[in-house]
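Engineer: Quick one: the structure is below, questions incoming.
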Amino acid sequence: MSWLAVTVTTAPTALPVSVGDMRERLRVDHYEEDGVIARMIAGAVARIDGPRGIGIAMMEQTWRWSLDRFPREFCLPGWPVSEVVSIKYDDPDGTEQTVSASNYRVDLNRHPVRVRPVAGYAWPAPLDAAGTVRVEYKLGVTSPDDVPADLVDAVAMLAAERYDQREAASEGARTPAPYGVEMILAEYRQSFAGG
């Protein structure tokens, strides 16, 4: 099991740091570079957010996890999970089927979030092929105000570093993360729980 089996199906529509907030943090008092600042924020978020980042979702988004079979119970990769949207599988004939939500229980009070069949129900037998079971679920928060403040700081510090070091970045030079960012990311980094 790896993060490669997890994809973002619905990307977030908002960023955890606004251009105005970033402009204030950078002490920039003009609007001419708002486009540049927005790109720096997006780049910083991409480094942290999602299955290709540290396994968290800051703003609301939907992920799909593909499995080759149904484990007895499974823990959803990523944090914070708010809802399971659907569990689909390809039956032995290759036809996509949806498991009724009444046939499984999602424990949102636990981290990682656990999914298991209800008593008396057994997961169906899917087609014997790769990726025949697909779980779609929502993660993240709806308001930037609800993103943990230290994660917002990490995004802002990375964006500021990118903004200040534009020439080095355009030449392909890699600079280390600003002081404190790696400690914040280490605290939130999610391991892949698997099935």
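The values are calculated or read from the model by the stated rules, or taken from the named source; none is laboratory data. Because the structure is predicted, anything quoted here is derived from the model rather than measured. Counting neighbours? That spans all protein chains shown, and the Cβs are built from the backbone with ideal geometry, glycine included. With ligands, DNA and RNA removed, areas are computed over all heavy atoms of the protein, side chains included. Shrake-Rupley method; radii C 1.70, N 1.55, O 1.52, S 1.80 Å.
To keep it simple, each residue is scored yes or no on (1) closer than 20 Å to residue 4 by Cβ; (2) touching a helix residue (DSSP H, G or I) at 6+ places or on another chain (Cβ under 8 Å); (3) of a type in the set (Val, Ile, Thr).
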site	(1), (2), (3)
25	no, yes, no
46	yes, no, no
54	yes, yes, yes
66	yes, yes, no
79	yes, yes, no
127	no, no, no
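Engineer: At pLDDT 95 or above, small (Gly, Ala, Ser) and more than 26 Å from residue 144 (Cβ to Cβ): which single residue out of 102, 82, 18 fits that description?
Structural biologist: Residue meeting the stated conditions: 102.
Engineer: Output the residue which, of all residues in the stretch 113-133 that are in a strand (DSSP E or B) and open to solvent by 40 Å² or more (accessible area, probe 1.4 Å), is nearest to residue 62 (Cα to Cα).
Structural biologist: To start, the set of residues in the stretch 113-133 that are in a strand (DSSP E or B) comprises 114-117, 133.
Okay, now just the ones that are also open to solvent by 40 Å² or more (accessible area, probe 1.4 Å), so 114, 116.
Numbers: 114: 17, 116: 20 Å.
Of everything passing the filter in the stretch 113-133, 114 is nearest to residue 62 (Cα to Cα).
Engineer: Where residues in the stretch 63-95 are in contact with a Leu (Cβ under 6 Å, 6 or more places away or on another chain) and exposed (fewer than 15 other Cβ atoms within 10 Å of the Cβ), which of them is nearest to residue 138 (Cα to Cα)?
Structural biologist: The residue in question is 94.
Engineer: Mind listing whichever residues of the stretch 26-37 are part of a helix (DSSP H, G or I) and crowded, with 16+ Cβ neighbours inside 10 Å?
Structural biologist: Keep residues of the stretch 26-37 that are part of a helix (DSSP H, G or I), which gives 26, 34-37.
Answer for the stretch 26-37, where residues must be part of a helix (DSSP H, G or I) and crowded, with 16+ Cβ neighbours inside 10 Å: 26, 37.
Engineer: Within the stretch 167-195, can you find the residues that are exposed (fewer than 12 other Cβ atoms within 10 Å of the Cβ) and either at pLDDT 80 or above or basic (Lys, Arg) (or both)? Before the answer, list the steps.
Structural biologist: Step one: of the stretch 167-195, the residues exposed (fewer than 12 other Cβ atoms within 10 Å of the Cβ) are 167, 170-176, 179, 183, 186, 191.
Matches in the stretch 167-195: 174, 183, 186, 191.
Engineer: Next question, about the same structure. Taking the condition of being among the aliphatic types (A, V, I, L, M) and open to solvent by 30 Å² or more (accessible area, probe 1.4 Å), how many residues in the stretch 134-150 meet it?
Structural biologist: The initial filter retains those residues of the stretch 134-150 that are among the aliphatic types (A, V, I, L, M), namely 135, 139, 141, 147, 149.
So of that shortlist, the ones also open to solvent by 30 Å² or more (accessible area, probe 1.4 Å) come out as 141, 149.
Selection size over the stretch 134-150: 2.
Engineer: With 99, 6 as the choices, which residue is open to solvent by less than 20 Å² (accessible area, probe 1.4 Å), at negative phi and over 23 Å from the mean Cα position of the chain (by Cα)? Before you say what the answer is, go through the steps one by one.
Structural biologist: Working: 6 fails: over 23 Å from the mean Cα position of the chain (by Cα).
Result: 99 is the single residue among 99, 6 that is open to solvent by less than 20 Å² (accessible area, probe 1.4 Å), at negative phi and over 23 Å from the mean Cα position of the chain (by Cα).
Engineer: Sticking with this one: With respect to residue 132, determine if the residue is within 26 Å of residue 184 (Cα to Cα), touching an Asp or Glu at 6+ places or on another chain (Cβ under 9 Å) and at pLDDT 95 or above.
Structural biologist: On the way: within 26 Å of residue 184 (Cα to Cα): no; touching an Asp or Glu at 6+ places or on another chain (Cβ under 9 Å): yes; at pLDDT 95 or above: yes.
Answer is no for this residue.
Engineer: Next up: So which residues in the stretch 52-64 are touching a Ser or Thr at 6+ places or on another chain (Cβ under 7 Å) and not hydroxyl-bearing (Ser, Thr, Tyr)? Reasoning before the result, please.
Structural biologist: In the first step, residues of the stretch 52-64 are kept if they are touching a Ser or Thr at 6+ places or on another chain (Cβ under 7 Å); the result is 60-64.
Scanning the stretch 52-64 gives 60, 61, 63, 64.
Engineer: Search the stretch 67-93 for residues that are over 24 Å from residue 10 (Cβ atoms) and pair each with any residue that is of a type in the set (S, T, N, Q) when their beta-carbon atoms are under 9 Å apart and the residues are at least 6 apart or on different chains.
Structural biologist: 69/132; 91/97; 91/132
Engineer: When only residues in the stretch 44-62 that are open to solvent by 40 Å² or more (accessible area, probe 1.4 Å) and in a helix (DSSP H, G or I) count, which is farthest from residue 83 (Cα to Cα)?
Structural biologist: Pass one, the stretch 44-62, residues open to solvent by 40 Å² or more (accessible area, probe 1.4 Å): 46-47, 52, 60.
After this cut, where a residue has to be in a helix (DSSP H, G or I) as well, the list is 46-47.
On the way: 46: 23, 47: 24 Å.
Result: 47.
Engineer: Can you name the condition, by its number, that residue 41 falls short on among (1) under 25 Å from residue 156 (Cα atoms); (2) surrounded by fewer than 19 Cβ atoms within 10 Å (Cβ to Cβ); (3) touching a residue at least 24 places away in the same chain (Cβ under 8 Å)?
Structural biologist: Of (1) under 25 Å from residue 156 (Cα atoms); (2) surrounded by fewer than 19 Cβ atoms within 10 Å (Cβ to Cβ); (3) touching a residue at least 24 places away in the same chain (Cβ under 8 Å), only one is false for residue 41: (2).
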